[in-house]
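The values are calculated or read from the model by the stated rules, or taken from the named source; none is laboratory data. None of these values were measured; they are calculated from a predicted model. Note that we place each Cβ from the backbone using ideal geometry, even for glycine, and neighbour counts take in every protein chain shown. All accessible areas refer to the heavy atoms of the entire protein, side chains included, with ligands and DNA or RNA removed. Shrake-Rupley method; radii C 1.70, N 1.55, O 1.52, S 1.80 Å.
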Amino acid sequence: MEIEKPSLTLTPDLSVPAQEPAPAPQPAAELGEEASLTDEEKAMVESFASQIDIKNPSMVLQYGAGTQQKMASFSEKALESVQTKDLGEVGDMLTDIVKELQSFDAVEEDKGGIFKIFRKASDKIDNLKIKYSKVENNIDSVVKNLERHQIQLMKDISGLDQLYESNLVYYKELTMYILAGKKSLKKFEKTELAAAKAKAEKSGLPEDAQAAKDMNDMALRFEKKLHDLELTRMIAIQTAPQIRLIQSNDTAMAEKIQSTIVNTIPLWKSRMVLALGIAHSAEAAKAQRAVTDMTNELLKKNAQMLKQASVDTARETERGIVDIETLKETNQTLISTLDEVLTIQADGRQKRKDAEAELVKIEGELKQKLLELSR
């Protein structure tokens, strides 16, 4: 597409809507009067100023009207771009994602502690997986819509760049019209208007006075036309930051969507995977605790049986015999037995103490290992 440059005309075609010009290749960085014009454009202004006929009412009426009409069409297009944008819908989608993430919480706050949700481990884990799948599907659906809006926002940002460049072209055209008009008006006031006023004063004729007044009115009408163009140019000046503001809002929303897609969603999914892993670990730890408790219970029962057997044996050895010699012999044997039993019992008590201390140590090591596994 051929790039349109600022152009000036005294006969604008107002019957056909002007096409929006393509972006200017190098728009002026600072908007001013002649400072924003190139040498070629300044020469165009000088040449155009010499063609202006302030005494021609039709020309004055149409002066700069083509650019004004393009500005009106441009403003309607910019307004349409803003009206068709529904950023509220994007905000609602982001809110929906937050609600979905809040609805899934693998950690339930309760007196039962952080792993209360893992009670009845099998059912809890299954419910957790079902809930995760449901939330994930809902979020994936919202993410697809967000991606669609993000693409549209990026297109809008690009389109606003073109609108901004077009606005600069319109501004420059209006500036050139105003400069050319001021030059022509200044020349007209110094030459023809001044001559008419001098002639009227010199002749004192009413027709000469009327002619001078008519020319002065023409100058005033053209001055008002230039003021009207300056108002239109002010609209162009104000439009530039407005376009950038809309563009900035679109960019911020597109970045927010991008951050949600690449940061928030993956982080949430990672957290859910960790939650499921913790659930499996808790179930394994519970099973291990059951095995340990059963082992301790068996050890306690074995100790009770051993104690009972020892007591029964001791009682049997203390049974009396009627024969004195036998009683003496038995007595000696009994005394010896009792000494040995006492020694054995003392030795047994010491061993049991040592065993109990060892069991406490073993149990502590096992509990420590289980705590490490549950972290």
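Placing R0 at 25 angstrom, the Cβ-Cβ distance between Leu373 and Met294 gives a FRET efficiency of 0.85 after rounding to 0.05. Computed extension gain for Leu306 through Thr337, at 0.36 nm per residue and net of the alpha carbon distance, reaches 9.3 nm. Remark: accessible surface ordering of Asp208, Asp214 (largest first) is Asp214, Asp208, probe radius 1.4 Å.
What's the FRET efficiency of Thr9 with Met234 using the Cβ-Cβ distance as r and R₀ = 25 Å, to the nearest 0.05?
0.70
Taking 7 Å steps out from each Cα toward its Cβ at Asp161 and Arg244 produces label points 1.6 nm apart. Sorting 40-51, 363-374 by their mean Cβ neighbour count within 10 Å, with the most densely packed peptide first, gives 40-51, 363-374. Segment 207-246 and segment 44-72 have Cα centres lying 11 Å from one another.
Model label points for Glu34 and Glu192, set 7 angstrom from Cα along the Cα-to-Cβ axis, are 2.3 nm apart. Measuring against 30 Å, Cα to Cα, the residue pairs Lys172/Lys197; Lys182/Lys213; Lys307/Lys367; Lys190/Lys224 contain Lys172/Lys197 as the ones spanning a longer distance.
Each residue, Asn145 and Ser259, gets one label point 7 Å from its Cα in the Cβ direction; the gap between the two is 2.2 nm. Accessible surface of Val142, taken over heavy atoms with a 1.4 Å probe and every protein chain present, rounds to 20 Å².
For the pair Ala209 and Gln51, a Förster radius of 41 Å applied to the C-beta separation gives a FRET efficiency near 0.90, rounded to the nearest 0.05.
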